[in-house]
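Worksheet: the structure to be examined is printed underneath.
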Amino acid sequence: MSICLRYHREESDAAAVLNQGFLKIITKMDTYRTKIPFEAWIRRIMINTIIDEYRKNRHVKELIEYKDFSEIEASSELVDLNEADKQFDAAQLEALIQQLPSMTQKVFNLFAIDGYTHKEIAEMLKISAGTSKWHVSSARKKLAEWMRKAMNSSRVI
């Protein structure tokens with residue numbers, strides 16, 4: 001369920017994909033090879049199920065957000081990663097990731113959390129590798145901005 005929740009904002013959507021994934025796991029149990037850890041096999045099936053569901057509903061659910069980079073000001077403030085590490089736990093970071101635009105969230109999760117390459121993500125989501133890189137870059141910038149704001153607002157003067 002944790003994998004499904006990383007890709008869906010609504011718990012009901014995540015539960016629906018989880019059920020689809022478990023159905024695939026049960027029906028494909030005979031294809032499991034003991035050379036691969038069982039947890040890794042299940043994880044792969046769940047991610048593939050999420051991607052299959054995305055492809056089916058892509059035209060209905062997704063809105064790609066375009067930004068004009070000429071309007072974005074370069075920020076000279078950097079996030080102190082040691083300070084951020086002290087102030088943010090995994091649940092808080094997951095909550096921030098959930099606030100990203102849907103497509104950016106999917107690409108960021110696939111790249112940063114699940115370890116897929118931009119080429120693999122591009123093939124799975126039917127986008128270009130450059131678009132995948134842009135989404136990861138956009139996610140990193142937005143997350144750093146949100147973390148910086150949260151850290152600044154929590155400091156006592």
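Read the figures in this text as sums done on the coordinates, not as results from a lab. It should be emphasised that the depicted structure is a prediction, and the values quoted were computed from it without experimental measurement. Cβ coordinates were reconstructed from backbone atoms using ideal geometry, including for glycine residues, and neighbour counts include every protein chain displayed.
Listing for the model above:
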| item | result |
| --- | --- |
| For the stretch 1-61, diffusion coefficient by Stokes-Einstein and Kirkwood Rh (Cα), 4 °C, 1.567 mPa s, µm²/s | 107 µm²/s |
| Förster-model FRET efficiency, 22 Å R0, ASP89 and GLU11, C-beta, rounded to 0.05 | 0.60 |
| Virtual spin-label span in nm between ARG44 and ASN19, 7 Å along Cα→Cβ | 2.7 nm |
| Magnitude of the charge dipole, the stretch 97-157, Cβ model with Lys/Arg +1 and Asp/Glu -1, debye to 20 | 300 debye |
